Amino acid sequence: MNYGLLFVLLLDPTAVFIKKIFAFIFKNEETNNSPSNNAGSIIGKLERIITAILLLGNQYSVIGLVLTAKSIARFKQLEDKDFAEKYLIGTLLSLSITLISTLLIKYVLSLYG
């Protein structure tokens, strides 16, 4: 129950925040609401949840496997420079938000627990 807020924040609020960052960075580009973009959003949410669970379990090294699996699935698309840049920005932003949020909540709960 203590970590419920973390998982709620890592789902839709973080997805909306990342979309806003992308809209700001790539102002002149049309936003893509295609099914593949929706799949990317779901993948990002799952990536954040799995990463948070691994962080809570102090399994830091396994996070690399999550990122590797994601990269393998997109391997061919990474040949396109524009896609690769967006993919890297999205992945690193998602990972950073998850790391900061999880470690911060873990620290705060350790103070009161």
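Values in this text are rule-based calculations from the coordinates and carry no lab data. Since the model is a prediction, treat every value here as computed from it, not as a measurement. Heads up, the Cβs are rebuilt from the backbone with ideal geometry, glycines too, and the neighbour counts pull from every protein chain shown.
The mean sequence separation of alpha-carbon pairs under 8 Å and at least six residues apart, normalised by the residue count of the chain, gives a relative contact order of 40 percent.
Extent along the principal axes, Cα only, for the chain: 47, 26, 21 Å, with the longest axis given first.
Figure legend: label point modelled 7 angstrom from the Cα of I43 along Cα→Cβ; residues of the stretch 74-113 with amide N under 19 Å from it are 74-98. What helices does the chain have that are whole DSSP H segments, at least 15 Å long along their own axis by Cα, and with mean Kyte-Doolittle hydropathy of 1.0 or more? For the chain, where a helix must reach 15 Å along its axis and average at least 1.0, the hits are 12-25, 63-73, 81-112.
If r is the Cβ-Cβ distance from F83 to S61 and R0 is 35 Å, what FRET efficiency results, to the nearest 0.05?
After rounding to 0.05, the efficiency reads 0.80.
Picking from A73, A52, A23, which is most flexible by a Gaussian network model of the chain using Cα springs under 10 Å? Maximum among the listed residues: A73. Name the most mobile residue of L54, L78, L65, meaning the one with the largest mean-square fluctuation, in a Gaussian network model of the chain with Cα contacts below 10 Å. Judging by the Gaussian network model, the answer is L65.
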